[in-house]
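Notes to accompany the following structure.
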Amino acid sequence: MSSDDALPAPPNWRVVLADTTVGAEEIAAVTDVLTGRWLSTGPVTRAFEREFADTLGVVDAVAVNSGTAALHLALITLGVGPGDEVIMPALTFVASAAMTVAVGATPVFADVRSAHDLTIDPADVARRITGRTRAVVAMHYGGYPADVDRLVALAAKHGVALIEDAAHAPAVRYRSDQVGTGALGTFGDVGCFSFHPAKNLTTGEGGMVVARDQQLLAECRDLRSHCMTAPTWDRDRGLATGYDVTGVGFNYRPSEIASAIGRVQLRRLAADRATRARLVAEYRTHLGSMPDLVLPFTGRDDLDTAHHLFVIMLPPGVDRAWFRAALRDVGVQTSVHYPPTHQLSYYQQRWAADVTLPVTDATADRIVSLPLHARMSAGDATYVARAVVETLRGSGTS
């Protein structure tokens, strides 16, 4: 590589946006897998599935290689296809819309409840249900549960499926159950989880499908590996001499390396969440009195939460690009969760040209995600909060 081709130096971050807690235990677990020399889906993955299911209080779960794969399998096994509509929040990652399009259905974008509650608005969902609606995707934004009671009632009333996008909310309780547990007749039909490196529980890349309907889970397990009747592990161990293929499936298998990391991460999930909760409390202490600065979900102590994101909503008139650049200059990394899907060019041109979402549209340019992860210290949170305060005061709007 010539000097002209050298990559630019990364910013000198004082506090990064997200980080993992991967350490010696995960390294040891991965070493055990490498020593055993079986790297594709096998017994370590099966153990991870069972331990994850136990954590959520369900019978079983199916591990996949991404949260996007989990959403895709959920839509397929629920029978969503051409001619159908799937309602979802626009304020979420694009994967929900992408997988809806992938199965031939139409994404229908719904608004969020308010600047103080960035989860999907059940009232807006109700307005958008038609005879073509086949499913609703409820995303538990930032680790805070959506209004599951009302969404379940809507789904039952109209005979549509409810898919819980619980990528931000592993092991979060809503009343007496866990979100994303796919409880037919209570919560969603299918729960989908993501284990991306930015998530509270990471496997590097990975995901999980959860449902109480064991037939649906069995279909997900088949689809995960090309609908083959005997997995490679069984054939390698002499438990099967061949296989048949019963349908068109995919390669959504996770590796044993990823699952080994996931098993360790699952064991430390509660401790990491407690750290995140302390950091959020520190943020709220320092930022709660800033004029016109909105801290979504403030006062929602009735909700269990994973504290996946700490999102602020800038005062009106503050240029977000300027604000983020100012924080970058003092070493604070920020992000935006998310550019609303209905404003992204591909979806805006094809499915959202006439879509108006008053709350999402009014808040989309004001949302900023501050650093939040279990490697942060209280001092880090204080540093970030003071940087936010000083920057806003310098803007002349607060």
Any residue at all in the stretch 31-40 that is within 18 Å of Glu256 (Cα to Cα), basic (Lys, Arg), surrounded by fewer than 16 Cβ atoms within 10 Å (Cβ to Cβ) and at pLDDT below 95? yes
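A quick yes/no check of all residues on (1) of a type in the set (Gly, Ala, Ser); (2) touching a Cys at 6+ places or on another chain (Cβ under 7 Å); (3) modelled with pLDDT under 95; (4) closer than 26 Å to Glu26 by Cβ:
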residue	(1), (2), (3), (4)
Thr241	no, no, yes, no
Thr246	no, yes, yes, no
Ala260	yes, no, no, yes
Asp272	no, no, no, yes
State yes or no: is Leu73 at pLDDT below 95 and among the hydrophobic types (A, V, I, L, M, F, W, C)? no
Report whether or not His373 is touching a helix residue (DSSP H, G or I) at 6+ places or on another chain (Cβ under 7 Å), within 17 Å of Arg278 (Cα to Cα) and touching a residue at least 40 places away in the same chain (Cβ under 8 Å). no
Mind checking which pairs have a first residue in the stretch 341-368 that is within 30 Å of Ala326 (Cα to Cα) and a second that is assigned to a helix (DSSP H, G or I) and polar (S, T, N, Q), Cβ under 7 Å, 6 or more apart or different chains? His342/Gln348; Ala364/Gln343
With Ile76, Ile120, Ile87 as the choices, which residue is open to solvent by 40 Å² or more (accessible area, probe 1.4 Å), among the aliphatic types (A, V, I, L, M) and within 20 Å of the chain's Cα centre (by Cα)? Ile76
Residue in the stretch 197-210 that is small (Gly, Ala, Ser) and open to solvent by less than 10 Å² (accessible area, probe 1.4 Å) present: yes
Restricting attention to the stretch 41-61, and to residues there that are open to solvent by less than 50 Å² (accessible area, probe 1.4 Å) and of a type in the set (D, E, K, R), which single residue is farthest from Leu269 (Cα to Cα)? Asp60
Residue under question is Ala126, and the condition is that it be open to solvent by 10 Å² or more (accessible area, probe 1.4 Å), over 18 Å from Ala167 (Cβ atoms) and either outside any strand (DSSP E or B) or of a type in the set (Phe, Trp, Tyr) (or both); does it hold? yes
Go through the stretch 130-153 residue by residue and tally those that are part of a loop (DSSP other than H, G, I, E, B) and surrounded by 19 or more Cβ atoms within 10 Å (Cβ to Cβ). 5
Take Thr246 and decide whether it is surrounded by 17 or more Cβ atoms within 10 Å (Cβ to Cβ), of a type in the set (S, T, N, Q) and over 18 Å from the mean Cα position of the chain (by Cα). no
Within the stretch 155-189, which residues are assigned to a helix (DSSP H, G or I) and either modelled with pLDDT of 95 or more or open to solvent by 30 Å² or more (accessible area, probe 1.4 Å) (or both)? Ala156, Lys157, His158
Does Gln333 qualify as being open to solvent by 10 Å² or more (accessible area, probe 1.4 Å) and in contact (Cβ under 8 Å) with a residue 12 or more places away in the chain? yes
Between residues in the stretch 192-208 that are closer than 17 Å to Ala171 by Cβ and residues that are among the polar types (S, T, N, Q) and in a strand (DSSP E or B), which pairs lie under 8 Å by C-beta distance while being six or more apart or on different chains? Gly206/Ser194; Gly207/Ser194
Of the listed residues (Asp302, Asp354), the one being open to solvent by 30 Å² or more (accessible area, probe 1.4 Å) and farther than 18 Å from His140 by Cα is Asp354
Inspect all residues belonging to the stretch 310-320 and state whether any of them is open to solvent by 30 Å² or more (accessible area, probe 1.4 Å) and closer than 28 Å to Pro170 by Cβ. no
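The values are calculated or read from the model by the stated rules, or taken from the named source; none is laboratory data. These numbers come from a predicted model, not from an experiment. Don't worry about glycine lacking a Cβ; one is built from the backbone with ideal geometry, like all the others, and counts go over all protein chains shown. Each accessible area value is taken on the protein alone, full model and side chains, heavy atoms only, with ligands, DNA and RNA left out. Shrake-Rupley method; radii C 1.70, N 1.55, O 1.52, S 1.80 Å.
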